[in-house]
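Only one structure is covered here, and it is reproduced in the block below.
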Amino acid sequence: MMAPINPHDGISTTLANPGIVDRLEADIADYLSPFGFRLERLVGDSGAAVLEAPRPPDGPIGTLHLHVHSESLLPTVGPLLRTYLRLSPSHVHPQRYRAVVHCDFVLDALEKFGKMSSEQKRNQLGRQEEASARRMAHYVHMLVRNSMGSALCMDLIVILPSYRKRTLQDDTPVDTAPLTIDSVRLAMRDSPEANYYPSVQLVEPGENRVGKKVGNLHRILMLCHDYDEAPCGTIKTGDSSFLSNVVVVLPSANDDGMSNTGNDRRSKALCDFEDAVDQFHKTIVDPKRDDDDEAHKTYRPPFVYEDEAREEIYNIIQQRRTHSRKSQCMIGIDLHPDALTLNGDYATTESQALEQMKKADAIVFGYESTGIPSAIANALTDWVEIPSRSSINVVAALSIILDALLGSRRGGG
């Protein structure tokens, strides 16, 4: 019999699936036991057991972001999570590995709505969120089941999808609404199939989940946050970090139909990007942070328009500068006739491009379609290009640059 555990010391999950229980029992004996994971089979309940998982320790050392664009693919995430955990170093606490599953699709629990009778339609319209929540509860269960329980042993966050809201008028455009945490939790409790998994953190979707540019900002913030959380430390200037040095440049406000004067300066693009920051805090920072670091919790990158960007970047450089050099060193990451090439062996070989970036006061990434705008390009002192056979996404480019800077520091550079 397992000794009683203080509810404040661990997370208890009752499991009814014999296959998950058997696999977790083997995993605990294999490598989970030293980290405090325990499993107790319930007497008289064939195959059922209670998993006791320790409270998460310090913050994650790595985050796997999975964007799932079709609900049919969500169950396939389970085996990937198991692989992610089992291939990780065995001496690291499994809950220091975080996985964020972004459900970038819209649930349609009434996909056969057009074939229903009028009476059936009326009965189902008031239960659309309930039906969608039941389907999502099933998907969460499939995710855990297909991971053979590994999903319960890591730091797992599932960002819920939206669902379609239909009306009796078939010609009315179908609206969408966010699926709530409460509705999914209720469906998990009521379902004879889906367990209530308290260790799986559910997060409601944000309105900014559509749109490539907004999605890129979200991923950029996540990337900088992950590098700041890395145990090997970050490249810091004074008391700042990667995340606190992000500046977002927007096209001039009148480029998206707004004027450049007064309150109209607050363009739709700016509102969308601010929503992306809210979603970043809601899904990545706040769920795991319970300390008093209010500055980290509320940090918002400066948003500036192209015609103001050069002056604003200069001002930020002056405020944060720790050396006495008078001229600013701003490097653009883009194709350019005078660009230095960042070679792939920067970790072991001297790289002029890398040395220039280490000295930079600012590193500028352009728009994916048009590159760095001329208002900023004219102020750049150097250029660096990443060799590639095709165009590189701005998030991928930032990842390469951060790895080069951080990787070179690991090697003593």
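Based on this model, can you work out whether residue 182 counts as at pLDDT 90 or above and surrounded by fewer than 15 Cβ atoms within 10 Å (Cβ to Cβ)? Yes: the conditions hold for residue 182. Summed over segment 113-144, the residues that are surrounded by 15 or more Cβ atoms within 10 Å (Cβ to Cβ), of a type in the set (Ser, Thr, Tyr) and either at pLDDT 90 or above or out of contact with any Phe, Trp or Tyr (no Cβ under 7 Å at 6 or more places or on another chain) (or both) give a count of 1. How many residues does segment 204-244 hold that are assigned to a loop (DSSP other than H, G, I, E, B) and at pLDDT below 55? Qualifying residue count for the region: 13.
Of the residues examined, residue 166 is one that is at pLDDT below 80 and surrounded by 17 or more Cβ atoms within 10 Å (Cβ to Cβ). Considering segment 20-106, the qualifying strands (runs of 3 or more DSSP E), each wholly inside and each with 3 or more residues that are under 14 Å from residue 155 (Cα atoms), run over 62-68, 97-103. In segment 54-69 there is no residue that is among the small types (Gly, Ala, Ser), within 14 Å of residue 27 (Cβ to Cβ) and surrounded by 15 or more Cβ atoms within 10 Å (Cβ to Cβ). Selection of segment 364-402 for residues being surrounded by 15 or more Cβ atoms within 10 Å (Cβ to Cβ) and part of a helix (DSSP H, G or I) yields 375, 376, 377, 394, 395, 397, 398, 399, 400, 401, 402. Within segment 70-87, the set of residues being of a type in the set (Val, Ile, Thr) and surrounded by fewer than 18 Cβ atoms within 10 Å (Cβ to Cβ) comprises 76, 83.
The values are calculated or read from the model by the stated rules, or taken from the named source; none is laboratory data. Nothing here was measured: the structure is a model prediction, and the numbers come from that model. Backbone-built Cβ (ideal geometry, glycine too); neighbour counts: all protein chains shown.
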